[in-house]
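Working notes for the structure below.
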Amino acid sequence: MKLKPLIITIGIIPTAFLIYSTLIHHIEDKANFIINKKLDDFDGQLLIRLRENKIKQQNLLDELEDNLSKIKENQKVIQNIASLSKDNIGKVHIETGTLELSNKEHTNLSSPNGCEANRGLVKEEILFDRSYVAAPEVFTSFYVLDFANGADHRLKLEVSDITTTSFNITYVTWCDTRISQSKAKWLAIGI
């Protein structure tokens, strides 16, 4: 009778070992799956970050190339100015002039028709007597302003398109401003 329990015990051990072994393999497979999944996710995130960094790096390189081009262009301009201005070192070139505006020439100055938009009253190109080496600084100032009574006074001078040979000056007013006359002076200073 003692042999029977031994046989049962011997039969149970291989079965338990087989179950244990299967569980261990299942746990290892599950753990490997989870680890591989996490590694794949991590690799995916790394690839995304690497791509983003590569794009940022390329954008920075493009910007750097643009800046280098601009620097080279500026160096050429500076060299041209330096070669042109050798004879003009220490010589300041100043020109001045006036621009007049009156309701005799521009009848809409005395009778505006509301606030639809700015009214560019006079846009005039001013030519310099002689060329500057580089585009000069241009300053403007009113010295006569004759407005109608009762309305707000809105008038400005806009200077644009300054080159070595000319610039544009524009009188601008808006809304119900009524002007009888205006005079402005301009001053260009450069070399």
Open item on the list: I want to confirm something. Restricting to segment 132-191 and keeping residues that are out of contact with any His (no Cβ under 6 Å at 6 or more places or on another chain), surrounded by 14 or more Cβ atoms within 10 Å (Cβ to Cβ) and small (G, A, S), which single residue is nearest to L99 (Cα to Cα)?
Closed with: A184
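Please verify whether segment 89-111 includes one or more residues that are modelled with pLDDT of 70 or more, hydrophobic (A, V, I, L, M, F, W, C) and within 24 Å of the chain's Cα centre (by Cα).
Within segment 89-111, the first condition is being modelled with pLDDT of 70 or more, and the residues that meet it are 91-105.
From the residues that got through so far, the ones that are hydrophobic (A, V, I, L, M, F, W, C) too are 92, 94, 99, 101.
From what is left, the residues that are within 24 Å of the chain's Cα centre (by Cα) are none.
No.
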TODO: Return a yes/no flag: does segment 140-149 have any residue that is within 32 Å of the chain's Cα centre (by Cα) and modelled with pLDDT of 80 or more.
DONE: yes
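Does I169 fit the bill of being without any contact (Cβ under 8 Å) to a residue 40 or more places away in the chain and β-branched (V, I, T)? Reasoning before the result, please.
Details: without any contact (Cβ under 8 Å) to a residue 40 or more places away in the chain: no; β-branched (V, I, T): yes.
For I169, the condition - without any contact (Cβ under 8 Å) to a residue 40 or more places away in the chain and β-branched (V, I, T) - is not met.
Residues to consider are I55, I13, I78; find the one that is of a type in the set (A, V, I, L, M, F, W, C), surrounded by 10 or more Cβ atoms within 10 Å (Cβ to Cβ) and either modelled with pLDDT of 85 or more or in contact with a Cys (Cβ under 9 Å, 6 or more places away or on another chain) (or both).
Values: I13 fails: either modelled with pLDDT of 85 or more or in contact with a Cys (Cβ under 9 Å, 6 or more places away or on another chain) (or both); I78 fails: either modelled with pLDDT of 85 or more or in contact with a Cys (Cβ under 9 Å, 6 or more places away or on another chain) (or both).
Exactly one residue qualifies, and that residue is I55.
Which is touching a helix residue (DSSP H, G or I) at 6+ places or on another chain (Cβ under 7 Å) and modelled with pLDDT under 95, of I191, I126, I169?
Working: I126 fails: touching a helix residue (DSSP H, G or I) at 6+ places or on another chain (Cβ under 7 Å); I169 fails: touching a helix residue (DSSP H, G or I) at 6+ places or on another chain (Cβ under 7 Å).
The match here is I191.
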Task: Residues located in segment 169-191, provided they are in a strand (DSSP E or B) and closer than 26 Å to K91 by Cβ - done: I169, K185, W186, L187, A188, I189, G190
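The values are calculated or read from the model by the stated rules, or taken from the named source; none is laboratory data. Predicted model, so just to flag it, every value in this text is computed and none were measured. Note that we place each Cβ from the backbone using ideal geometry, even for glycine, and neighbour counts take in every protein chain shown.
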